[in-house]
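The values are calculated or read from the model by the stated rules, or taken from the named source; none is laboratory data. If you're wondering where the values come from, they're calculated on a predicted model, not measured in any experiment. Neighbour counts are summed over all protein chains in view; Cβ atoms, including those assigned to glycine, are modelled from backbone coordinates with ideal geometry.
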């Protein structure tokens, strides 16, 4: 199955815009459209799981621990963390590569750094 993404509120919106500008057919839901503002990580992860979307975030502070707790009781399509030091161009190209070259199931119940 094709990868579908959900942007966390912590994701730089320029990354999301850049991905969709280059490949408009990528299914990438915004945090605004998903009404994620003010929600806990657990609730955000539950929404991503319910919609079958890999959560894309830059939150390395709380998300890894909250993800670990979440998958003790739930299944998750996965989480991709974009490192703060990664350039926007690298992040955009990396997300497009994930979408083009992998299947959604490869990320089930895993949390990974997006690699440049």
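Quick notes on this structure:
- For region 81-106, a tally of residues being out of contact with any helix residue (DSSP H, G or I) (no Cβ under 6 Å at 6 or more places or on another chain), touching a residue at least 60 places away in the same chain (Cβ under 8 Å) and outside any helix (DSSP H, G or I) returns 2.
- Test: residue 11 is modelled with pLDDT of 95 or more and under 11 Å from the mean Cα position of the chain (by Cα): yes
- Which numbered condition residue 81 misses (of (1) within 12 Å of residue 3 (Cβ to Cβ); (2) within 11 Å of the chain's Cα centre (by Cα)): (1)
- Test: residue 30 is touching a strand residue (DSSP E or B) at 6+ places or on another chain (Cβ under 8 Å) and either exposed (fewer than 14 other Cβ atoms within 10 Å of the Cβ) or closer than 13 Å to residue 76 by Cβ (or both): no
- Complete set of residues in region 33-80 that are within 18 Å of residue 113 (Cα to Cα), assigned to a loop (DSSP other than H, G, I, E, B) and touching a strand residue (DSSP E or B) at 6+ places or on another chain (Cβ under 9 Å): 53, 58, 59, 60, 76, 77, 78
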